[in-house]
Amino acid sequence: MTGALKLGTTHYVGLEEAAMEYLSAELDEFVQISTSLVKSFGFLQSRVKSKFPKDCRKCGKSYKSFEEFYYGTDEIVQGTVSYPTLGSEFYLHRNCKSPCESTLVVIFNDRRDDTALGCRRREVFQDCLDKIAARTPIPCAAARTFLLGLLARRIQEHLAKASC
Ligand SMILES: [Zn+2]
């Protein structure tokens, strides 16, 4: 049978364009919330997974805590990646101080977020899943993976625009 829907990630092209259209408002809101949250020191600190002290392999500087790391290193545009991989990990890249400038990475757990923004973010995610379920035959688990892929792409696009 031709035109059969395959659920491997590489077969979503047409569906993805359609979903970008009908989920446009929700995706924008989700990206907005996600990128606001990851700019907050408190949000990040509550999720740190990397062990401290963290040492720079290049210059040997030791960052005793996440706080010291956060305030003692330089921001990189697009420094936070892989958010939102709900329930998974995301990363923050920052540069060691000049003249070292080596890029260091801290890993975070994306655990449940019960702040107002965090709750709203889950609602928007669920709204998107409902809309996908109403319009396509994708099974629930695959729809979730599909949606996370869309969101990750939207966030990368947003960050790329912000760095121009
Ligand atoms: Zn260094």
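The values are calculated or read from the model by the stated rules, or taken from the named source; none is laboratory data. Bear in mind the structure is a predicted one, so any value in this text is a computation, not a measurement. Positions of Cβ are backbone-derived with ideal geometry, glycine not excepted, and every protein chain shown enters the neighbour counts.
Looking at SER50, SER62, SER40 in this structure, which one is within 16 Å of the ligand (Cβ to nearest atom), hydroxyl-bearing (Ser, Thr, Tyr), exposed (fewer than 14 other Cβ atoms within 10 Å of the Cβ) and closer than 25 Å to LYS97 by Cβ?
SER62
Looking only at the stretch 107-132, which residues are aromatic (Phe, Trp, Tyr) and in contact with a strand residue (DSSP E or B) (Cβ under 7 Å, 6 or more places away or on another chain)?
PHE108, the sole residue that qualifies.
Report whether or not ASP114 is over 18 Å from HIS158 (Cα atoms), away from the ligand (no atom under 16 Å from the Cβ), not hydrophobic (A, V, I, L, M, F, W, C) and not in a helix (DSSP H, G or I).
yes
Taking the residues in the stretch 146-164 that are part of a helix (DSSP H, G or I) and over 14 Å from the mean Cα position of the chain (by Cα) as candidates, determine which candidate is surrounded by the fewest Cβ atoms within 10 Å (Cβ to Cβ).
LYS161
Within the stretch 1-21, restricting attention to residues that are in a helix (DSSP H, G or I) and of a type in the set (A, V, I, L, M), which residue is modelled with the lowest pLDDT?
Residue satisfying both the conditions and the ranking: VAL13.
Determine, yes or no, whether PHE90 is more than 16 Å from the ligand (Cβ to nearest atom), crowded, with 16+ Cβ neighbours inside 10 Å and at pLDDT 95 or above.
Considered against the rule, which asks whether it is more than 16 Å from the ligand (Cβ to nearest atom), crowded, with 16+ Cβ neighbours inside 10 Å and at pLDDT 95 or above, PHE90 comes out as no.
Residues in the stretch 135-145 that are farther than 16 Å from SER24 by Cβ and assigned to a helix (DSSP H, G or I): how many?
Total satisfying the criteria: 6.
When the residues of the stretch 22-77 are narrowed to those that are part of a strand (DSSP E or B) and hydrophobic (A, V, I, L, M, F, W, C), which ends up farthest from THR136 (Cα to Cα)?
Looking at the filtered set, the residue picked out is ILE76.
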